[in-house]
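Throughout, read-outs are computed from the coordinates displayed, never taken from laboratory work. Everything quoted here is computed from the prediction, not taken from an experiment.
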Amino acid sequence: MIHSVFIINRSGGLIYHKNYSSKLAQLSSNEALTLAGTFHGIHVLASRISPATKGNYSAKDSGIQTIDTKNFRIHCYQTPTGIKFMAASDLLETKLTDILVKMYGLYSDYALKNPFYNLEMPIRSEMFDSRLVQLVKAV
C-alpha cells in the first residue's frame, strides 16, 4: 500500500505532495518542504559518490532508490530530466519503480501538457489528482 506521494523538481523544491493513508503522521507544509529538500540533497550526494557512476554519468541507477525504516519504505525514481517521484509504502512493497514510472507518465500527460502549468511550480490539476488516486488505489 502506498501511503503518500511526493514529487520534487530538479532543484529540490516540492511540487506535489499527497497522503493516501492515515497510517503515517500527517506532515505540515513546512515539514514536507524540509523532507523534499533533505531527500534531494542526500540523493545528489549519493549520486556523486556512487561507484556505479564514476566516469559514466548516464547510469540510470545512480542515487537513492529506496530507504528502509522499521515501519515503512521510501521509493524513489528520478527521471532523465531530474524530477524525483517518491512514494512512502508498507514494507511489503519491495519495488515500486513501475508505479513511479506510471506516475511520471501521468505527470507528463496532465501537468506538462497543460498550457497553464509552469515548470518547477506546484502541480494544481484535478485530472492529475484523480488519475494518481486511481493508480495508487490499484497497487
### Summary
Normalised per residue, the volume inside the convex hull of the alpha-carbon atoms of the chain in Å³ amounts to 113
## Note on the structure
Karplus ³J(HN,Hα) for the stretch 76-91 (6.51 cos²θ - 1.76 cosθ + 1.60, θ = phi - 60°; Hz, whole; x = Gly/Pro) runs 9, 10, 9, 6, x, 8, x, 6, 10, 10, 10, 9, 9, 9, 5, 5
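So which of LYS18/LYS70; LYS18/LYS113; LYS70/LYS102; LYS23/LYS70; LYS23/LYS84 end up more than 19 Å apart, counting from Cα to Cα?
The pairs that break the limit, which is 19 Å between Cα atoms, are LYS18/LYS70; LYS18/LYS113; LYS70/LYS102; LYS23/LYS84.
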### Query
So what does log10 I(q)/I(0) come out to for the stretch 64-139 at q = 0.20, 0.24, 0.25, 0.28 Å⁻¹, using the Debye formula with one equal point on every Cα and no solvent?
-0.91, -1.16, -1.22, -1.35
### Task
Take every Cα-Cα distance within the stretch 6-54, group them into 10 Å bins from 0 onward, and report for each bin the whole-number percent of pairs it holds.
25, 42, 24, 9, 0
